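Asks: Have a look at this one before I ask anything.
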Amino acid sequence: MDDDWEKRLAATWDTLDAYGEENAGEFRAAIDELAAELPEGDPVGLFERACAFDSTGHSDRAVPLYQEALERGLPPYRRRRTAVQLASSLRNTGRAEEGVALLTPELLAPSDELDDAVRACLALCLASLGREREGLALALGALAPHLPRYQRSMANYARALVEDTPA
């Protein structure tokens with residue numbers, strides 16, 4: 001895997017919408033071809049194949065690939081992406097509790113550009129489990145820093161949702 005491979009991968013992902021539902025298999029084949037350039041069982045290849053299944057409506061087929069990619073070890077950024085995407089797929093397949101367990105530790109991980117994605121996906125998993133107040137608190141907490149005003153108020157409201165105290 002090198003810069004050229006990553007560029008070709010990104011270019012292929014840029015074409016996803018052009019395939020449409022009727023040609024999703026062709027898109028997955030294109031990703032498979034790129035993944036096949038990596039050593040057998042390479043976790044990045046497994047991750048990209050999982051993403052292709054996930055992005056074409058097959059969360060059930062993505063889950064085992066994401067899990068194997070995590071087990072084999074991924075670079076930190078792709079590892080965190082895998083956690084988010086696996087949690088989403090688990091939720092889509094009726095296993096939201098596993099998604100919560102996977103993402104909760106990510107709240108304490110070093111901050112990066114995926115922080116809001118972690119919170120958004122975790123919020124969805126919580127909502128699927130009937131824990132909407134916790135999910136809303138996470139979503140508001142993630143949104144608050146991006147607001148041009150009312151950041152402190154929204155952050156306080158988010159905390160109050162889970163602390164059972166009025167803001």
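The values are calculated or read from the model by the stated rules, or taken from the named source; none is laboratory data. This structure is a prediction, so every number in the text was calculated from the model and none was measured. Quick reminder, even Gly has a Cβ in these numbers, built from the backbone with ideal geometry, and neighbours come from all protein chains shown. Note: areas computed on protein heavy atoms with side chains; ligands, DNA, RNA excluded. Shrake-Rupley method; radii C 1.70, N 1.55, O 1.52, S 1.80 Å.
Asks: Taking Cα centroids, how far is segment 106-135 from segment 1-53 in Å?
Replies: That distance is 27 Å.
Asks: Cβ neighbours within 10 Å, averaged per peptide: list 142-148, 90-96 in order, most packed at the top.
Replies: Highest to lowest by the protection proxy: 90-96, 142-148.
Asks: Can you tell me the 0 to 90 degree angle between the C-alpha axis of helix 76-92 and the longest principal axis of the chain, rounded to 10?
Replies: 80
Asks: Follow-up question, since we're still on this one. Give the accessible surface of segment 1-136 per residue, rounded to a whole number of Å², with probe radius 1.4 Å and ligands, DNA and RNA excluded.
Replies: Accessible area per residue: 53 Å².
Asks: A further question follows. How much of the accessible area of the chain, probe 1.4 Å, is carbon plus sulfur, in whole percent?
Replies: Answer for the chain: carbon and sulfur cover 52 percent of the accessible area.
Asks: Still on this structure, I have one more. Using only the alpha-carbon atoms, how far is helix 151-163 inclined from the longest principal axis of the chain? Give it as 0 to 90 degrees, nearest 10.
Replies: 80
Asks: Also: Starting from the Cα-Cα distance between residue 147 and residue 68, subtract it from 0.36 nm times their residue separation and give me the gain in nm to one decimal.
Replies: 24.6 nm
Asks: May I ask for the angle, rounded to the nearest 10°, between helix 59-72 and the longest principal axis of the chain, with both axes built from Cα atoms and the value confined to 0 to 90°?
Replies: 90
Asks: Among 70-76, 48-54, how do they line up by average Cβ neighbours within 10 Å per residue, starting with the highest?
Replies: 48-54, 70-76
Asks: Binning at 5 Å from 0, report for the chain what percent of all alpha-carbon pair distances ends up in each bin.
Replies: It works out to 1, 9, 15, 18, 17, 14, 11, 7, 5, 2, 1, 0, in whole percents.
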